[in-house]
Each structure stands twice: as structure tokens, then as C-alpha cells.
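S.K.: Before I ask anything, here is the structure I am working with.
Only the coordinates and a few stated rules stand behind these numbers; no lab work does. Values in this document were obtained by computation on a predicted structure and should not be read as measured data. Ideal geometry is used to build each Cβ from the backbone, glycine not excepted, and the neighbour counts take in all protein chains shown.
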Amino acid sequence: MFTLVQTFDAQAQGADPFGGSELADELAVVEFTASAEFVADFVAVFAAERDHVSISPAERACARVGVVSSDGEGNLNYECVAYWHCGGERVDDLYTGKLSASDASGVYAEYLTVVSNLAAAGGPVAPDSDIDLDLLNTDILAGNLGEPNELFLLPVFYYCRSGASGPLEIYDPTYSVSFGWDTDVEAEYDLDTVSNRLIDELFERLEARAPDIQMTPPLEKRVAIVNFPSWFWIDGNLPPIKVSGLSDRGTFFLRGRATLDYVEWNFGDDEPLNCAWDDMLAWDPDKYHPVNNRPHCSQVFEKLGPWELSATAHYNVEQQLSQRYGGNGAFIQGPWEPHPTRPTFAVTNNAGTIETRPIYSLNVPIDAAPIDATG
């Protein structure tokens with residue numbers, strides 16, 4: 001299960017889920033608070049029972065032999081009274097054993113309680129308590145699992161019970177617990193649904209921020225000058241937008257972001273003009289000459305008459321998955337990658353009709369005699 005969490009404003013005071021100052025260095029995020037939970041249930045594809053060591057599903061190995069009958073003459077009949085029941089469980093939170101999308105903890109949490117009760121000098125640990133791995137004097141991640149050879153693998157806890165509801169076996173080396181990197185987040189969680197819902201939220205926010213068109217002469221005059229450069233730029237800034245989803249146990253953090261690629265300017269029948277952010281320059285009469293300082297993002301219109309102006313902001317859309325092995329751990333950040341199904345997005349602002357007009361001038365020779373307007 002993933003829950004939509006607040007996105008972070010680079011200017012605002014807020015917690016960075018990675019415990020750093022990354023967000024303070026990025027003009028990347030627009031703050032919002034979700035009005036409802038953003039939830040996508042995980043897909044439980046991990047089998048409830050898996051083979052343990054050499055025990056196959058066809059075998060029924062005996063866990064405990066006991067007396068089942070007597071012939072009354074002192075001859076006892078011994079038979080198996082409990083078989084080994086073995087299975088495997090995905091580990092969502094290595095430190096507590098709590099499972100995603102479940103109010104109850106699993107078999108691994110039971111194991112942590114058992115071994116902590118054996119090791120704790122201060123007495124038993126409640127089943128729903130957070131387990132201190134240092135108190136257990138064992139580092140499960142390093143000691144039994146080792147480092148994963150790639151990102152986003154999940155530990156699997158293998159176990160056997162003496163009887164269907166009997167105690168976990170922790171002593172017999174054949175049937176004792178073990179761990180393995182035998183599944184991953186894509187197999188266990190419905191990341192596609194989470195990803196698409198986050199991108200829907202991202203696109204909704206992009207739709208609300210169409211580029212604010214500016215030009216010379218000023219847009220409100222609705223004119224351009226024939227054979228004279230008009231400058232085009234976007235008022236303000238178009239920083240990236242970032243949204244986030246956090247799994248209910250806080251172990252996976254999925255982020256989506258949209259970053260401006262370029263702005264496409266359309267001028268009716270003329271060829272469109274593509275401008276990166278640095279190609280656009282806001283006109284300032286105190287700093288720039290309209291021709292000598294002319295930027296790439298400008299246009300010279302050679303025909304008189306009306307034409308339609310629009311600007312389309314094109315964004316690259318990416319996502320990043322980060323993981324930690326429990327709420328007590330640090331996030332391991334994955335790479336930013338293009339969104340698998342919607343890697344781009346465009347939003348257009350139609351400015352309407354502009355009229356290209358001439359500037360009329362009168363050239364007078366320097367030595368021309370003055371005109372007597374009274375005579």
C-alpha cells in the first residue's frame with residue numbers, strides 16, 4: 001500500500017524524507033496537501049508456502065514422534081504426532097516484522113520476538129514492540145542476508161514449525177530459519193498503479209500552470225512590427241514539479257517529477273520556434289538593444305496581417321524509487337528514470353490573434369528648406 005504524502009516546497013520548512021538538504025537545493029517542488037489518501041494495494045504474488053531447504057511439498061517430514069497407543073502389555077505404539085510445516089514470508093520491515101497493508105505482523109515478527117525474549121536481559125519483549133537488533137547481538141542484514149547485489153530486492157524469511165501451529169524451529173540446523181534475497185519490490189507491489197496515480201497528480205498540476213506568454217511589443221498591444229525582431233519569453237519561471245508516494249510501512253518512496261525540456265512557439269503559418277529556457281530573454285529597454293542583443297527566441301515577421309500565437313511547454317517526466325529495509329533505516333535512492341508509460345508531457349497556452357503591421361516613416365534631406373506652414 002502506498003499513501004500520497006505532501007510534496008515539498010523548496011522554500012518551505014518541511015522534513016526531507018532522506019534526512020538531508022536535497023530539497024533545499026532544488027527549486028523543484030510545489031507544496032500541496034492531499035485531500036484524501038492516495039492508496040494502491042500491493043499485489044501479494046509471493047506464495048504463502050515455499051520449499052524450505054530440502055523439504056519438498058510432496059514430503060511430510062516428521063517433526064515429533066510420540067506414543068499414540070498401547071496394547072496393554074507394555075508395548076507402546078510410536079507414530080509421528082507432528083509434521084514439519086515450512087514456508088516463507090516476504091520481509092517488509094526488517095526491524096519490526098510488520099507487513100505492508102496489514103494490521104498484523106507476520107511470522108518474521110514472531111521470530112524476532114522469540115529470539116529477543118531469549119536474548120534480552122531486561123525481560124520479554126511485547127509482540128508489537130519495535131525490536132532492537134543491537135540488543136539481539138545479531139545483525140540480520142549483514143550476518144544472515146549479506147548485501148544485495150542489486151537495488152529493490154526484498155528479503156524472504158524461511159521457517160519451519162513443529163506442527164501446523166507449533167513453535168518456530170530455531171535450533172535444528174535442517175529446519176531452522178534462514179534468509180534469502182528471493183523476491184523484489186516489482187513482484188510484491190503494484191508499482192504501476194502507484195506510478196500512474198502519481199503522474200496523474202503531476203499532470204493535473206502541470207495543466208494548471210500553462211506558460212505565461214510575453215513578447216515585444218507587449219502582448220496586450222496585439223501587434224508585431226514587420227521586418228523587425230519580436231522577442232518571446234515566459235514570465236516567471238517553470239521549475240520542475242515533484243510529487244511523492246510513501247508505502248504504508250515507510251520502506252519504499254516513489255517520486256515523480258516533470259522538468260521543462262523546451263518551449264515551442266507557434267506563429268500561425270510560420271515555422272515553429274523551439275527554445276530552451278536559456279534561449280529566452282526577457283526584454284529590458286535599459287539593458288538590451290532590440291537587434292544587437294536579439295536572443296535565439298525571437299522572430300522576424302515578413303508578412304502583414306493576422307496570425308495566431310501560442311506557446312507549448314514540453315516536459316520530461318521521470319520517476320525515482322528509493323528503498324530502506326525498515327523505518328529505522330536510511331533510504332537508498334535509486335536513479336531518476338523516464339516514466340515507463342508517460343515520459344513526456346506538454347501544456348499549451350493560446351494567446352490569440354496578433355496583427356503584424358508596418359511602421360511608417362518620412363525621410364527628410366538634411367539640406368531641405370523648411371516648410372512655411374502659414375503661407
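S.K.: So if each residue of separation counts as 0.36 nm, and I subtract the Cα-Cα distance between Asn117 and Glu271, what length gain in nm does that give?
M.R.: Separation in residues times 0.36 nm, less the Cα-Cα distance, equals 47.9 nm.
S.K.: On to the next question. Take peptides 236-247, 88-99 and line them up by average Cβ neighbours within 10 Å, highest first, as a rough protection proxy.
M.R.: 88-99, 236-247
S.K.: Same structure, new question: Working out 0.36 nm times the residue gap between Asn328 and His296, then minus their Cα-Cα distance, what length gain in nm do you get to one decimal?
M.R.: Going from the current span to full extension adds 6.4 nm.
S.K.: Where Rh denotes the Kirkwood radius from the mean inverse Cα pair distance, what is Rg over Rh for region 175-224?
M.R.: 1.55
S.K.: Next up: Please report, largest first and rounded to whole Å, the three semi-axes of the ellipsoid equivalent to region 191-357, where each semi-axis is the square root of five times an eigenvalue of the C-alpha gyration tensor.
M.R.: 42, 16, 11
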